[in-house]
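Coordinate-derived values only; no laboratory data. Source: prediction; values computed, not measured. All Cβ positions, glycine included, derive from the backbone under ideal geometry; neighbour counts span all protein chains shown.
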Amino acid sequence: MNITRNDLNTLSAEIVIDLRKEDYEPAINEGIKKVQRQASMPGFRPGKVPAGLIRKQYGNQIMADELNKLLNDTIHKYIEENKIDILGNPLPKEEANVDINDLSDKRFVYELGLAPEFSVALDKSIQLTYKTVKVDDSLVDKYVHDVRRNYGTPVYPEKSGENDTLFVDVNELEENGEIKAGGIFKSTSFTVSKVGTSVAAEKLTNLSKGDKVVINVDDLYATDLDKSVGLGIDRELAEATHCNLQVTVKNISRLEEAPLDQTLFNRVYGDGSVDSEEAFREKIRTELGLMFGADADRLFLREVEQVLVNKHNLTLPDDFLKRWIMVANDKPVTMEQVEKDYAEYAKSMQWRLIENKIIKDNQLEVTADELRAEAENFIRSEYARYGQVPTDEDVQKITADLIKNSKEAQKMYENLFSRKVLSLVKEKCTLNPAEVSYDEFFAR
């Protein structure tokens with residue numbers, strides 16, 4: 001066997017593998033024996049089918065499988081031993097000609113996409129904006145309102161208001177205003193403030209149980225999808241439906257906010273933890289600051305990615321990567337589809353290269369203890385979402401299972417490395433803090 005590397009340019013190379021008969025024939029013979037031991041054919045006892053018959057019937061497939069296994073092992077070992085930084089996976093230049101009756105010397109050529117060579121200098125010349133949410137009184141008011149609604153009590157008023165929910169029967173009407181025989185009928189509900197238009201909201205306000213009102217379907221529902229789901233009809237019918245509906249009120253429900261008193265404070269934070277409205281609001285303000293802190297880091301990571309990708313502007317082997325994406329995709333894709341999404345893919349690839357370079361140059365590591373702690377925190381947070389507290393024994397058992405799952409473990413490794421990179425960037429680069437409103441922070 002002989003392997004040679006030919007550099008086509010700075011971003012692509014060819015690996016040429018020359019095989020002699022003696023390099024691959026033993027593997028083919030062993031493959032034939034393996035199939036022979038498992039084969040069952042009429043006229044022969046199981047495992048006793050003649051090797052010649054196996055060779056004749058399955059030889060080309062066995063040869064293709066064994067060659068593919070040998071070539072994959074060979075090329076990946078060569079790449080690893082020679083420390084070649086590649087993007088994607090090697091692509092064969094042409095389909096192999098496999099014939100069990102032709103065990104001559106063979107040549108196989110693979111194309112490699114090479115990672116660009118570059119350096120990353122993290123220093124104070126790199127200016128980055130670190131945005132945080134301004135937790136002002138209006139934002140605290142909003143969350144106090146949400147808490148009071150979450151702990152509120154349903155009541156059933158005589159007349160509907162703008163924030164009430166109406167439980168109704170809906171009937172499709174003919175043009176003359178009569179109920180259409182066999183037309184749309186649905187028992188459903190509307191929150192007055194969330195219907196499609198102000199016209200519908202106004203008509204649904206100040207109604208009593210048993211009242212009937214006529215509203216056009218396009219006023220009730222903002223989109224055809226809303227119309228389809230709300231009325232229980234298929235999308236095509238929804239798109240073609242523009243009729244008036246008779247809405248009959250069956251019941252009215254209103255969520256009365258919980259009083260801002262000690263009972264609410266105890267329900268939210270436990271007995272005696274908060275003893276006044278002022279302390280309650282400050283507790284919410286502190287929690288919002290902590291909650292938005294994690295969001296601030298996520299937004300900052302996007303800022304770091306954008307700034308460093310633009311700064312380094314790495315050149316990639318684009319043509320190679322586009323062909324590799326087509327080959328590697330689970331489902332068939334066209335070059336047009338690849339071209340459409342390639343710009344975003346390339347940015348993602350550039351960031352992965354930059355992040356890995358930072359990790360390597362700064363010798364960042366994730367320890368087994370850090371991985372275990374990450375898994376435990378994740379498990380406890382998942383339990384907390386459902387108001388549950390796991391036992392230490394449950395956490396340890398689930399943690400062990402989670403770490404054994406290579407896909408989940410890889411995600412946790414990536415998250416930990418990402419946080420370490422972010423910490424390093426904060427330490428070495430210039431951060432310009434910017435406190436912005438809630439709406440500006442979460443604007444897309």
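Annotations for the structure displayed:
- Taking every C-alpha pair closer than 8 Å and separated by at least 6 residues, the mean separation divided by the residue count of the chain gives a relative contact order of 18 percent.
- Cα-Cα separations in the range 1-140 greater than 24 Å, expressed as whole percent: 55
- Across the range 210-346, counting alpha-carbon atoms alone, Rg and Dmax equal 27.4, 69 Å.
- For the range 389-418 and the range 233-291, distance of Cα centres in Å: 34
- Pairs of Lys residues in the range 40-137, spaced 8 or more positions apart or belonging to different chains, with C-alpha separations under 27 angstrom: 14 in total.
- Listed residue (L225, V395, P154) projecting farthest to the positive dipole end of the chain, Cβ model: V395
- Put a plus charge on the Cβ of each Lys and Arg, a minus charge on the Cβ of each Asp and Glu, and nothing anywhere else: the dipole of the range 153-256 about its Cα centre is then about 380 debye.
- Ellipticity at 222 nm from helices only: DSSP H runs of n ≥ 4 in the chain, each -39500 (n - 2.57), divided by the residue count, give -17000 deg cm²/dmol.
- Percent breakdown of C-alpha pair distances by 10 Å bin, ordered from the shortest bin, for the range 52-128: 14, 33, 22, 15, 8, 5, 3, 0
- Cα gyration tensor of the range 158-197 - equivalent ellipsoid semi-axes, whole Å, descending: 24, 11, 10
- Taking all Cα-Cα distances within the range 204-280, those exceeding 19 Å account for 60%.
- Rounded to the nearest 10 degrees, the inclination of helix 137-150 to the longest alpha-carbon principal axis of the chain is 90 degrees.
- Working from label points 7 Å from Cα in the Cα-to-Cβ sense, the Q337 to K124 distance is 5.1 nm.
- Net charge in the neighbourhood of A27 (other residues with Cβ under 12 Å of its Cβ; Lys, Arg +1, Asp, Glu -1) is -3.
- As a calculated quantity, the FRET efficiency between K134 and N72 at R0 = 35 Å, using C-beta atoms, amounts to about 0.05.
- Highest average first, the peptides 222-230, 205-213 ordered by how many other beta carbon atoms sit within 10 Å of their residues are 222-230, 205-213.
- Here the label points at M41 and E282, each 7 Å from Cα along the C-beta direction, are separated by 8.8 nm in the simple model.
- With contacts taken as Cα pairs under 8 Å at a separation of at least 6 residues, the range 1-104 carries a relative contact order of 22 percent.
- Bridging of K212 to lysines at a Cα separation below 18 Å is possible for K159, K180, K186, K203, K250, once same-chain residues fewer than 8 apart are set aside.
- Considering only I86, I28, L71, the residue lying farthest towards the positive end of the dipole of the range 2-114 is I28, judged by Cα position with unit charges set on Cβ.
- Dimensionless Rg over Rh [the range 93-220; C-alpha; Kirkwood]: 1.45
- Applying 0.36 nm per residue to the separation of A222 and L364 and subtracting their alpha-carbon distance, the gain on full extension is 46.0 nm.
- With N the number of residues in the range 1-70, Rg(Cα) / (2.2 N^0.38 Å) evaluates to 1.57.
- The chain - convex hull of alpha carbons, volume per residue in Å³: 283
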